[in-house]
């Protein structure tokens, strides 16, 4: 009976961390930054929060020196995934609303040369910047190198591949601006 447990030591350690340690780390973050962070959200140490943030059961992960900064009074709902790789920075402004399953990535594969296998062409790491007062709809994907201006609305299931000007409403795959707010 003990042999199967020994074979699953990594899974047991991960389970132990997620159930017993992670909630206390998130309580510490909540107190330190004056935020409300779900006990089972996965938050890397290189993530910084402004006061008044709300973070659901999501993953904000940094790899090899990546950073994530979340501005004050920003809400990140459940099942969001933010991945900052190798020296990149995801910067989210103040008073933003990021709906469920919003995904932000700072790494993409290079596939420019058709004569070289894609796996051998490497990756490209680029920062992502989201301005203040931005609302992303359900299932939005934001790709590396994108800058979203202040006051933008990004529609449900949009894939943002290029910069979006301030006060724009963008929808679709790839996301295209359909109008400006207030028009």
**Prompt:** Going by the conditions given, is residue 113 in a loop (DSSP other than H, G, I, E, B) and without any contact (Cβ under 8 Å) to a residue 40 or more places away in the chain?
**Reply:** yes
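Report the residue count in segment 156-166 for those that are surrounded by 18 or more Cβ atoms within 10 Å (Cβ to Cβ) and either over 17 Å from the mean Cα position of the chain (by Cα) or closer than 19 Å to residue 71 by Cα (or both). Walk me through it before giving the result.
In the first step, residues of segment 156-166 are kept if they are surrounded by 18 or more Cβ atoms within 10 Å (Cβ to Cβ); the result is 158, 160, 164.
Those still in the list that are either over 17 Å from the mean Cα position of the chain (by Cα) or closer than 19 Å to residue 71 by Cα (or both) too: 164.
Going through segment 156-166 one residue at a time, the tally reaches 1.
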**Fill in**
Matching residues in segment 137-183 (touching a residue at least 40 places away in the same chain (Cβ under 8 Å) and in a strand (DSSP E or B)) number 1
**Prompt:** Could you count how many residues in segment 70-87 are surrounded by fewer than 24 Cβ atoms within 10 Å (Cβ to Cβ), farther than 15 Å from residue 53 by Cβ and in contact (Cβ under 8 Å) with a residue 24 or more places away in the chain?
**Reply:** 4
**Prompt:** When segment 53-74 is examined, which residues are found to be more than 18 Å from residue 99 (Cβ to Cβ) and either part of a loop (DSSP other than H, G, I, E, B) or at pLDDT below 90 (or both)?
**Reply:** 61, 62, 63, 64, 65, 66, 72
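The values are calculated or read from the model by the stated rules, or taken from the named source; none is laboratory data. Keep in mind that this is a model prediction, so the values were computed, not measured. With ideal geometry, Cβ positions are generated from the backbone for all residues, glycine too; neighbour counts draw on all protein chains shown.
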